[in-house]
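To start, the structure itself, in structure tokens.
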Amino acid sequence: MPNWLEGRHALITGGGTGIGASAATHLHAAGAKITVTGRRPEPLETIRKIVNGAAVQCDVTDREQIVRAFDQARAANGPIEMLIVNAGIAESAPFHKMKRESWDRIIATNLTAAFDCAQAALSDLLKSDSGRLIFVASVASLRGVPYAAHYAASKHGLLGLMRSLAAEYAKTNLTVNAVCPGYVDTPMTDQSVARVSEITGRSEGDARSAITNMNASGRLVDPDGIGTMIMTLCLPQSRDINGAAVTIDGGTSA
Ligand code: NDP
């Protein structure tokens, strides 16, 4: 594959694990300079070595940390031409037991942080001749999810943000898109399995197969396919893909 992204800087929030790590490796394979951010140093360091890039610790629920981290990323790799807003968390509870703190945590991490990250990179993205802003949304952006009203609300909000920015900047060289995965084989799904098992009293094996079967394909989505799609959306040839919510869910939303 040609180095279409040679010399361009991609910053991936939550880039140390799962979908973010896959995006980092695929963007690196296409020639991009990579910065990964996250809270825990160990997974960041592992991916940093693989992609020969920069790793910056940052809690995306703190706007000042984002601004500082993006400055560090610029110092290491230059202006941010591709921003992958991927960091996110999931929690589950029946709605009548859902704690207000849990709602606040989910909205802060999955939605408000997306606003803050997009603003922190915006001037760089607009100066680039092919700026790319990609949100990692979810099938939960497109339909309701029992026991995860807060998560679904945050991911629906992400598409509203994505579409508004795509429309607002349509006449520039910046494109704004989202990927909407089904259940993916990542640490987040492992945590969901444990929670479903706890809430329902089912074994972890039963909980895993219940979650797996929520994808129409009956298998978990491979994070590799999501990283590949994110890299594809970043290519200069993808300049007319703007405002898209690309489902990667094994046919669940068909
Ligand atoms: P992971 O748990 O592996 O990835 C989440 C990443 O986000 C971690 O690297 C984590 O790093 C980072 N993160 C979480 N909270 C914060 C925070 N406050 N500040 C900075 N970084 C943070 O799971 P996935 O790869 O699956 O998740 C990535 C994205 O994909 C999420 O937005 C998720 O909602 C979305 N998604 C996942 C699906 C799935 O089935 N797994 C399905 C659809 C969408 P650290 O803890 O070190 O900060």
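Nothing in this text is a laboratory measurement; each read-out follows from the coordinates by a stated rule. Only a predicted model underlies this, so the values are computations on that prediction, with no experimental measurement involved. We place every Cβ from the backbone using ideal geometry, glycine too, and count neighbours over all the protein chains shown.
Principal-axis analysis of the Cα atoms of the chain puts helix 63-77 at an angle of about 50° to the longest axis. Taking other C-beta atoms within 10 angstrom as a stand-in for reagent exposure, Asp71, Asp116 fall in the order Asp71, Asp116, fewest first. The Cβ shell under 14 Å around Pro223 holds other residues with a net charge of -4, Lys and Arg each +1, Asp and Glu each -1.
Summed over qualifying helices (DSSP H, 4 residues or more, each -39500 (n - 2.57)) and divided by its residue number, the chain shows a 222 nm mean residue ellipticity of -14500 deg cm²/dmol.
This ranking places Val51, Val179, Val67 by how few other beta-carbon atoms lie within 10 Å of each, fewest first, which gives Val67, Val51, Val179.
Largest mean-square fluctuation among His96, His26, His150, in a Gaussian network model of the chain whose springs join Cα atoms under 10 Å apart, belongs to His96. In a simple Cβ point-charge model (Lys, Arg +1; Asp, Glu -1; nothing else charged), the chain has a dipole of about 260 debye relative to its Cα centre.
Can you tell me which of Ile226, Ile199, Ile106 moves the most in a GNM of the chain? Springs connect C-alpha atoms under 10 Å apart. Per the Cα network of the chain with a 10 Å cutoff, Ile199 tops the list. Counted by Cβ distance under 14 Å from Gly182, the other residues give a net charge of 0, where Lys and Arg count +1 and Asp and Glu count -1. Considering only Met188, Ser123, Asn213, whose Cα is most displaced toward the positive end of the charge dipole of the chain, charges sitting on Cβ of Lys, Arg (+1) and Asp, Glu (-1)? Going by the charge dipole, the pick is Ser123. Length gained on full extension, Thr200 to Arg219: 4.7 nm, using 0.36 nm per residue less the C-alpha separation. Placing pseudo-labels 7 Å out from each Cα toward the beta carbon at Asp59 and Asp71 gives an inter-label distance of 1.9 nm. Within the shell defined by Cβ-Cβ distances under 12 Å, the residues around Ile248 carry a net charge of -3, with Lys and Arg each +1 and Asp and Glu each -1. When only the Cβ of Lys, Arg, Asp and Glu is charged (+1, +1, -1, -1), the dipole of region 23-152 relative to its Cα centre reaches about 240 debye.
Residues Thr172, Thr109 in ascending order of nearby Cβ atoms (within 10 Å, fewest first): Thr172, Thr109.
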